[in-house]
1. Which pairs break 23 Å Cα to Cα here: 119/156; 2/52; 52/230; 230/256?
2. As a check on your grasp of the helix formula, calculate [θ] at 222 nm for the chain: sum -39500 (n - 2.57) over DSSP H runs of n ≥ 4, divide by the residue count, round to the nearest 500.
3. Using a probe radius of 1.4 Å on heavy atoms only, what accessible surface per residue do you get for segment 95-167? Whole Å² is fine.
4. Ignoring ligands, DNA and RNA, please state the percent of accessible area on segment 144-266 from carbon and sulfur, probe 1.4 Å.
5. Given the Cα-Cα distance of residue 219 and residue 37 and 0.36 nm per residue of separation, how much length would full extension add, in nm?
6. Taking the Cα centroid of segment 14-72 and of segment 161-203, what is the distance between the two, rounded to the nearest whole Å?
7. Can you match Rg and Dmax of the Cα atoms in Å to one of these, (i) 24.8, 71; (ii) 16.7, 50; (iii) 18.3, 54, based on a calculation from the structure here?
8. If I take R0 = 30 Å and measure r between the Cβ atoms of residue 19 and residue 45 in this structure, what FRET efficiency does the formula 1/(1 + (r/R0)^6) give, to the nearest 0.05?
Amino acid sequence: MKYSFNDLVDILARLRAPDGCPWDREQDTRSLLPYLVEESSEFIDAAQDGDKPHMCEELGDVLLQVVFHAQVCKEQGDFDIDDVVQGICEKMIRRHPHVFGDAKVDTAADVSRRWERIKASEKNNLKTAGCSAMDKVSRSMPTLARAQDIIRRAAKVGFNWDRSEPVFEKAQEEFNEFRTEMQAVTPQNKNADRLEDEFGDIMFSLVNVALQCGINANTALQRANSKFEKRFRVVESRVRESGREMRDVGLEGLQKLWKEAKASAR
């Protein structure tokens, strides 16, 4: 049987009905939030692996969460999934006058500038006119993604360099300040707060470097995590094949295996 989007909406309504599923009936928008984050993360993992069947499955799980939230809100008399669809369709048409109207643009940069102008003129955003650019930064975003958004929004109002060199210099400056704090550490003065502050500055400056280079810092770190994990698993496997334990091999031996794992992955 071939199901449609409306079938999914009906399934959620049935699950939430008085004689539906006890677990589904107990949920609210707050209790569902961890699942939305989890399913989104699982889709990102599948996309980074290029696993198309898994991507399809995980997108379904993300869509389920969207419809689930909308169903809960419908029952509360707030809005329903049709309102959600209507709102996003209107927004996309309104913000793409070069596609759905007679406006002219030449480049992606032109599109971005027009998008921001249209966005700023919309009713919901007019209410926040004159407020801080930081007000739009979500408090619930993961820390690294939030750092990117903070820098991006500051840059939109002119508070960032328009060249990469000063950004690199700032990152180097933060490394030097951290090293200075490290050198000041003694058994009597561990300087933990200062070290944490300076290390945070390093990370923030590196996020800015990434943005200046057109790189998504969050995605880059995810790729680095994945790369390290895969290579580490290869090292573990080769150690097991030798009949030894990781700690018995020693750092020098493990580094040799690491280099072999790195070379084999190319």
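The values are calculated or read from the model by the stated rules, or taken from the named source; none is laboratory data. What you see is a predicted model, and the numbers here were worked out from it, not measured in a lab. Backbone-built Cβ (ideal geometry, glycine too); neighbour counts: all protein chains shown. Each accessible area value is taken on the protein alone, full model and side chains, heavy atoms only, with ligands, DNA and RNA left out. Shrake-Rupley method; radii C 1.70, N 1.55, O 1.52, S 1.80 Å.
1. none
2. That comes out to -24000 deg cm²/dmol.
3. 72
4. 52
5. Once the chain is fully extended between residue 219 and residue 37, it gains 64.0 nm.
6. If you average the Cα positions of each part, the centres end up 41 Å apart.
7. After the calculation, the listed value that fits is (i).
8. The value I calculate is 0.25.
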